[in-house]
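First up is the structure itself, then whatever we jot down about it.
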Amino acid sequence: DSPDSVYNMAENLFAGGSVDGDNALCEAALSVRSFMNLCELGVAFPVNRYGEYVGYKTDHDPYARATSAGPLTSKFMTEALQKNAENLGVEVYSGYLAIEILKYENAVCGLLCIEKKSGEFVAFRCGDIVMCTGGPAGIYADSVFPECHTGTTSLALLAGAKAQNLTEWQYGLASINPRWNVSGTYMQVLPRFVSVDKDGNEYEFLNEYFDDIGTCLSKIFRKGYEWPFDCKKVLSGSSIIDLLVFRECVLKCRRVYLDFRKNPYGLDELPYDKLDNEAREYLEKSNALQFTPFERLMAMNPKAVELYRDHGIDLETEPLEIAVCAQHNNGGLAGNIFSLFIATFAISCKDEECNDEAIVRNASK
């Protein structure tokens, strides 16, 4: 029932100052089509009894444009897309490491790889390359990326592609092991924030900054959908929590944990009447007014508990170590409305000028 439009979404994307207007409009216009494609491929996004897709706010979005099929949504999406590719008979080559983009007369004509098992060079002939490898995540110690994920932006840069907004990184609170964002319900159930020094002393450090319990709890709740750090929301929003966690981890050399076993301020029961209206109504409508953060999390999102149990961490009995982590690079390779967020190159050459021998010859140069 929210008034929204392609133009409104494009305007929101453009307002940050790092997205060209035509790119923003293209992304907004194609968003519904892309989402419905995933739905038709079988990703079980939640709907109400009327068939309406359920949305919620996240990542500072002023509208409830986000949805989720649980903590493994991205996994469900890639599985559905892979199954569709298999049904279409798309051939998949696995176990190859791309090392150079091959060019002929300044246009892409192939991709040089190393087959990991044999160590031999293999060249793929192609006129277009879609980069789906992410940003240079390996430059950060505290990162949400899997450790094996280092990105291959350099592959395109060495081939002459232009970069844009490489300094625009997104950061937010995430667990250290396993690497996972603690956004959404992990914050909305109002866990206790604790830091521990080298001698084992505990500090409930948010208490040192917030004078008012209700303000503190409301900021923690809001952190659920204002998860990425935003300098404009340090005082007016919840990003002050990121800075306080950073101060404990980096400046005071302490380890920081989320404790779902106890309420903040050592309270047996939370003063729900002191929360702001948005937080209180959300928890009431979610039937999440239980005594401990863990009980509230089980009521709102039991899959969030299962995810950590699958990695050997029981939020019911132990704290979860967190830090301010790099999540993804909002920049990358320069593109336009025809190659949104990717670099694509066209090739127009005669067959005899662009055959396998020509690819190998270019590689040797």
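Put a plus charge on the Cβ of each Lys and Arg, a minus charge on the Cβ of each Asp and Glu, and nothing anywhere else: the dipole of the chain about its Cα centre is then about 280 debye.
Both radii were evaluated on the Cα set of segment 75-203; the Rg over Rh quotient, with Rh as the Kirkwood radius, amounts to 1.09.
Karplus-based coupling profile of segment 86-100, in residue order and whole Hz: 5, 5, 7, x, 6, 7, 10, 10, 10, x, 10, 9, 6, 10, 7, with θ = phi - 60° in 6.51 cos²θ - 1.76 cosθ + 1.60 and x standing for Gly or Pro. Just one of (1) 0.98; (2) 0.94; (3) 1.02 is Rg/Rh (Cα atoms, Kirkwood Rh) calculated from these coordinates, so which is it? Computing Rg/Rh (Cα atoms, Kirkwood Rh) and matching it to (1) 0.98; (2) 0.94; (3) 1.02 gives (3).
Ligands, DNA and RNA left out, the 1.4 Å accessible surface of the chain is 52% carbon and sulfur atoms. Amide H contacts for PHE229 (H built 1.01 Å from N in the peptide plane; partners 5 or more residues away or on another chain; cut-off under 5 Å): TYR171, GLY172.
Amide H to amide H, with H built 1.01 Å from N, CYS109 comes under 5 Å of LEU102, LYS103, TYR104, counting only residues 5 or more places away or on other chains.
In segment 36-174, a dipole from Cβ-located charges (positive for Lys and Arg, negative for Asp and Glu) runs towards its positive end, and of ILE101, ASN48, TYR140 it is ASN48 whose Cα lies farthest in that direction.
Taking 25 Å as the straight-line reach from the Cα of LYS223, the lysines in range (excluding those fewer than 8 positions away in the same chain) are LYS57, LYS75, LYS232, LYS233, LYS252, LYS262, LYS274, LYS285, LYS303.
Could you pull out the trypsin sites (Lys or Arg not before Pro) across segment 96-165 that fall in loop regions by DSSP (anything but H, G, I, E, B) with no more than 15 other Cβ atoms inside 10 Å?
Qualifying residues, ordered by number: LYS116, LYS117, LYS162.
When the helices of the chain are scored as -39500 (n - 2.57) per DSSP H run of n ≥ 4 and the total is divided over every residue, the value at 222 nm lands at -8500 deg cm²/dmol.
For segment 257-269, the Karplus equation 6.51 cos²θ - 1.76 cosθ + 1.60, evaluated at θ = phi - 60°, returns couplings of 10, 9, 10, 8, 7, 10, 7, x, 6, x, 7, 6, 9 Hz by residue, with Gly and Pro reported as x.
For segment 1-73, the relative contact order is 20 percent, taking Cα pairs closer than 8 Å that sit 6 or more residues apart in sequence and dividing their mean separation by the residue count.
Among ASN277, VAL256, GLY237, which residue has its Cα furthest toward the positive end of the charge dipole of segment 234-286, with +1 on Lys/Arg Cβ and -1 on Asp/Glu Cβ? In segment 234-286, that residue is VAL256. Between TYR50 and ALA15, the contour length at 0.36 nm per residue exceeds the Cα-Cα span by 9.2 nm. Rounded to the nearest 20 debye, the dipole magnitude of segment 132-285 is 500 debye, with +1 charges on Lys and Arg beta carbons, -1 on Asp and Glu beta carbons, and the Cα centre as origin.
Is the C-alpha gyration tensor of segment 236-327 telling us rounded, prolate or oblate? Criteria: a/c under 1.5 is rounded; beyond that, a/b larger than b/c is prolate, otherwise oblate. Taking the square roots of the gyration eigenvalues as a ≥ b ≥ c, segment 236-327 is oblate.
Per residue, the accessible area of the chain comes to 57 Å² when a 1.4 Å probe rolls over the protein heavy atoms.
Residues whose amide H lies under 5 Å from that of GLY335, counting only those 5 or more places away or on a different chain, are PHE341; hydrogens are built 1.01 Å from N in the peptide plane.
Taking all protein chains together, TRP180, TRP227, TRP169 sort by accessible area into TRP180, TRP169, TRP227, largest first [probe 1.4 Å]. Derived scalar couplings between HN and Hα for segment 142-149 equal 9, 9, 8, 5, x, 4, 6, 8 Hz in order, rounded to whole Hz, by the Karplus curve 6.51 cos²θ - 1.76 cosθ + 1.60 (θ = phi - 60°), x for Gly and Pro.
The values are calculated or read from the model by the stated rules, or taken from the named source; none is laboratory data. These numbers come from a predicted model, not from an experiment. Note that we place each Cβ from the backbone using ideal geometry, even for glycine, and neighbour counts take in every protein chain shown. Surface accessibility is based on the protein's heavy atoms, side chains included, excluding ligands, DNA and RNA. Shrake-Rupley method; radii C 1.70, N 1.55, O 1.52, S 1.80 Å.
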